[in-house]
Every structure is written in C-alpha cells, then in structure tokens.
Amino acid sequence: MPQPGQGMLDRSQPPGDEAVRQWIGRENYQRWQWLLRFIAANYPGAFPQDDRVLGGRKHGWGPRFKKSKFFCALLPEKGRLLLQIVPGGAEPAKAEAIMDTLSQPVRGECAAARTYHDGKWLAPALDNDEILGDAAKLSAIKRKPKPA
C-alpha cells in the first residue's frame, strides 16, 4: 500500500491535488492554493500548465512559473512548502530596499542565501500567513503585478 503523498516522488507523472495536500499538510496546502490564485491573478500567463518539476528525493513535484525567464517555483517538502525565488541583476538591491518590511524568518533567509552568477537563491518556508505577504512582496521585485 502506498504511503500518503508517495505520488509526489513518482518520476513518471506529476501528482494530483490530494497527493500534494497529503504531502505538505492541510494548512500548507491552503497556502499552496492561495499562491496559485495569487500568481494567476497578478501574473497572467506565468504558469504553463505542463511546467512542473520534480525536485528530487526531498522535494516533490511543484509548479515552475515563468514567461520568458524564471519567475518562481513552489517546492513541496514533506510537511512544508517553500517558495523558490531568485532575485538577479538589479533585483537584490530592490529586495534590500524592502528588507525592513519582511518578516524575521524571510530576512534571515535573505541574509543567509548565497549569491550565484544568476542571483541570490532564496527558498523561504511558507509556514505562516505573514510569510505569504512576504512572498507577494518578493514576487513584485521579480515582476510588477498586473494592475488591479
């Protein structure tokens, strides 16, 4: 009998919604759904339905958002949800400018993140609703949201 969420690691096909919910947990799944709605509303066309990546043994299947270049990705871990975002070019300076408006865990993630040739790879855990607001702020640094 398969373990809950085992489909998250099946290389042959992306999992369904129930497997995602079991893998990351009920509260994180609500955050997952909020982020999907937020990105669809504010960044139309940023998620081709077939663009999902398997993050290996630790991370299950997650959507990767992009148009012409990478925007962000959701990384589901067993019992956790991470947002991968890579501020590059002038974006780290923009992130620094809003640092005091971000929650302490996200500020710590930004301070600890290594800088590579393409930018600073951030993957804060979205373990509370305050951090969802931080995710929206970091997203706006990568790409301006669609006007309301």
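Before moving on, here are some points about what is shown:
- The label point for A140 and the one for R114, both projected 7 Å from the Cα toward the Cβ, are 3.2 nm apart.
- Length released on extending from F38 to I98, taking residue separation times 0.36 nm less the Cα-Cα span: 19.6 nm
- Each of D127, D134, D100, D17 was scored by other Cβ atoms within 10 Å of its Cβ. Listed from fewest to most, they are D100, D17, D127, D134.
- Residue pairs exceeding 21 angstrom between C-alpha atoms, taken from K78/K144; K78/K137; K78/K146; K66/K144; K120/K144: K78/K144; K78/K137; K78/K146.
Here, each number is a calculation from the coordinates, and none is a lab measurement. Note that this is a predicted model, so its numbers are computed, not measured. So basically every Cβ, Gly included, is an ideal-geometry build from the backbone, and we count neighbours across all protein chains shown.
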